[in-house]
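A short worksheet on the structure shown next.
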């Protein structure tokens, strides 16, 4: 059992959790993820690590309520426990001095991006941060990102805060000398940014979290096609070269269980015990 | 002030339809009952509600009682909804504030000997409609201007014919051809039967006609690179080969006439290894250039790489004629040549049978081979030997040959595949462009304003290709001639606050009506939305809704049906209450036909009309069962016949998933079912309902329908 030490609602439907787990905290690196299960009958869901505190013995994840399990997780409170927590899984992000690193994050994934941005900052890079959300009220981790970025740009889909969309990045990428791009967020965002950097040959790393089951390279549920080759996001990634990922396939695979997910969500809380 | 914000004031108008309804259903009782329902201000009856007297009653009461919602209980909306909607509009009520109940096709005509049950059912249907009506919202139908110009992609005979047809009607046409010359496949053929005219001669006439049309703009050696927009206003980016600057044009409609290419059967029968193993097209080119050296023994093999058991399973339709044509031409040019055609089936449909007869008369030899024992070709000292098992002979024969001609199918080319993703229109399992409906919309794509013709759509001969070219031009000219279209207001809409940016809607929409923004916010392109509601059913959060068929409207009807149906104890006499979702196209039509043909089925089922079975949300089914429905049947068009391409397949997938979820509610998964019927299958619809009611009767009441002491 793993205890929730801290729970904080960042914006409606997005919560930050700190789980007490000394072993995972000691080993967690930016870019890695954990898989958790709330109870015996629970679904296993992967969540990217957004921080680790070795002293406190905790790891941080930020989770958006998008389905049954995430809603159930959001219903838990501090001092509540979850059944399982496995991690850290996946290869850590490559952190070293590259020069100028552009860190692009969207939605709930701005939180794990912050974990990486902080590491790049410490490794003496000039960090340019781009964070975005659908709308102003959904933006998270702005202040945290400002602390670790040399420059920070904000964007929203509807233009309620900062730039509207990510098209402004085209000019930024064209005009500035950028050595590496880190992209964490919705698939469409990672795909778009990868297309922006492709003509300039800037290494662009995307962090992929497809549907996962075991997270240890056994089940194959998380397979992604990179340069025409099948890779497992859980053990070969989650970081991949954004210029080589088949994003269309990834998009379709992510929605393979959409009807099941919806059914689980609708029926959640309506089982016979509650009637 | 918006009508939807006002307190609903509903008027219910019940029709006798002469004797049609009134003989079975107790209309006065329905009227009395309607008056007791929430928000109902008045209820009236008339012998014929659709007569001008009936319509005037509706209009009078709208004014007299200050009504803002109208429910008419009469016949089928398929025929009469427009009439009643018009009456509403004339009396100042938005037509989307009208709801129709079908108590003729669904009550009096199908339960002729059960007047009590038919009346009870009619009451339920009216109650459901009144509940939905309370939540109806006024809508504005968008108007789209259509630019009077078209893009025709492909400068072969098909594309040229379509372009000429449109240009002569006065529309501007941009004709794009990837090669430097017009003509496409026809430019490579030799002589056409039955006239034996040179293909190039036929072509020349069309090329001259194209060039004579001042409103056809030719774009040679050019590819379509990008297409944005929608019917009436497509933004096209063209890229000329060898040109750096792309060209931008703007058109109202698009016709795809990109043709097909002949399969090159590499690795089969020694093709590419021996220069005397060639395809039919290569033979025609040799004949055209008079390159053939007095052949003595020619063997043609049919169905090479076609009608396979997997992969290219289709018949290419033209190869039998092509082979016969070329064999006869060879005979004419080289009277001493011996020709054998190795076939699986000779499929010379229609008048083409004459070719076959002529070939027989000219002593062309036909050998029937078996797909499982195909012929083999061996090369011996440069001489070719064909070995074939002749089914009719029951034995193997060997033929020495100096020329082997392989009849291979037409296949989609790489540029066609690319174009499919640029236009976002589908390819079928054969790789050819896939029309909106195989029978009803043979040259339309399901995306409005884009049409297909010729071999891009599948193998066909010149005549058929040209007929399709004219059809596509005609279809494209309709919106351009009218100049604007009024679209339905039944379209998707998203609640930005509830949306979580998961993009399930974006992926579920096959009409490109929902665009993803970088951080997940979906943007609805109204002009592309067809109103199927699949996205709304896929949205996990209920943020995506379909106007006029919103969750709250559907759930209101479901609750209204089931709330009064609770059983007081489990030993009360059990009559199943079954909710049937019917798509507005086929299955609702089938239910109508069951009525028209007086098919009798049990009166336990209540039909709720939805635009597509794909609109039915897990939520709706869950609400039905939680409120006590004994069974739920979702009905849609036959698989392959969906008016939104595959909404019914999505519904089927959901039913499969829901069966599993129902177990968690301690509800027998057999209580949910999906059925398909075309609008011509009234009998099937009746049988489907009868069987399902019987099944549910045997299963017994939904445990959640029985009132608990606490209720």
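Read the figures in this text as sums done on the coordinates, not as results from a lab. Source: prediction; values computed, not measured. In this analysis, Cβ positions are derived from the backbone assuming ideal geometry, glycine residues included, and neighbour counts consider all displayed protein chains.
General observations
- Its convex hull of Cα atoms gives chain A a direction-averaged projected area, equal to a quarter of the hull surface, of 14.5 nm².
- Other protein chain C-beta atoms within 10 Å of residue C-beta, averaged over B:519-526: 6.
- Cα-derived Rg to Rh of chain B, Kirkwood definition: 1.07
- Alpha carbon centroid spacing (whole Å) that separates segment A:1-40 from segment B:657-711: 43 Å
- Here the label points at residue B:237 and residue B:380, each 7 Å from Cα along the C-beta direction, are separated by 6.0 nm in the simple model.
- Cα centroids of segment B:137-199 and segment A:239-265: 39 Å apart.
- A Förster radius of 22 Å combined with the Cβ-Cβ distance from residue B:690 to residue B:568 puts the calculated FRET efficiency at roughly 0.20.
- Cα gyration tensor shape for segment B:1-139, rounded if a/c is under 1.5, else prolate or oblate: prolate
- Footprinting exposure proxy for B:278, A:14 (fewest neighbouring C-beta atoms within 10 Å first): B:278, A:14
- Compared with the dominant principal axis of the Cα atoms in chain B, helix B:77-90 is inclined by about 60°.
- Our Cα-only numbers for segment B:75-157 put the radius of gyration and Dmax at 20.5, 67 Å.
- Overall shape of segment A:202-275 was characterised from the C-alpha gyration tensor. The equivalent ellipsoid obtained from it has semi-axes of 31, 13, 10 Å, in decreasing order.
- Kirkwood analysis of segment B:501-580, using all unique Cα-Cα pairs, places the hydrodynamic radius at 15.0 Å.
- Three-way shape call for segment B:535-684 based on the alpha-carbon gyration tensor, with the a/c threshold at 1.5: oblate
- Packing, as the average of other Cβ atoms within 10 Å across residues, places the peptides A:2-10, B:180-188 in the order B:180-188, A:2-10, highest first.
- Shielding score for B:490-502, defined as the mean number of other chain Cβ atoms within 10 Å: 4
- Test item: B:355-364 mean partner chain Cβ contacts at 10 Å: 0
- Distance between the modelled labels on residue B:86 and residue B:32, one decimal in nanometres: 3.6 nm (7 Å Cα→Cβ projection).
- Using alpha-carbon coordinates, inclination of helix B:319-333 to the longest axis of chain B, degrees: 20 degrees
- Counting every other Cβ atom within 10 Å of each residue's Cβ, B:63, A:253, A:146, B:654 order from fewest to most as B:63, A:146, A:253, B:654.
- Hydrodynamic radius of segment A:100-254 by the Kirkwood approach over all distinct alpha-carbon pairs: 15.8 Å.
- Enclosed volume per residue, in Å³, of the convex hull spanned by Cα atoms of segment B:436-555: 130 Å³
- Angle of helix B:157-168 to the longest C-alpha principal axis of chain B, folded into 0 to 90 degrees and rounded to 10: 60°.
- Compactness of segment B:351-500 was expressed as the Cα radius of gyration divided by 2.2 N^0.38 Å, which yields 1.67.
- Gain in span if fully extended, residue B:113 to residue B:424, counting 0.36 nm per residue against the direct Cα distance: 106.7 nm
- Cα gyration tensor shape for the protein assembly as shown, rounded if a/c is under 1.5, else prolate or oblate: oblate
- Efficiency of FRET between residue B:666 and residue A:79 - r from beta-carbon atoms, R0 30 angstrom, step 0.05: 0.40
- Convex hull (Cα only) mean projected area of segment B:72-214, reported in nm² to one decimal: 16.7 nm²
- Label sites at residue B:47 and residue A:243, each approximated as a point 7 angstrom past Cα along Cα to Cβ, lie 8.2 nm apart.
- Over all distinct Cα-Cα pairs of segment B:245-359, the Kirkwood formula returns a hydrodynamic radius of 16.6 Å.
- Legend: ranking of residues B:490, B:596, A:108 from fewest to most surrounding C-beta atoms inside 10 Å; resulting order B:596, B:490, A:108.
- On the basis of the beta-carbon distance and an R0 of 41 Å, residue A:252 and residue B:180 show a calculated FRET efficiency of 0.60.
- Value of relative contact order over segment A:2-89, rounded to a whole percent, pairs C-alpha under 8 Å and six or more apart: 39 percent
- q = 0.21 Å⁻¹: log10 I(q)/I(0) that the Debye formula gives for segment A:2-89, counting C-alpha atoms only: -0.97
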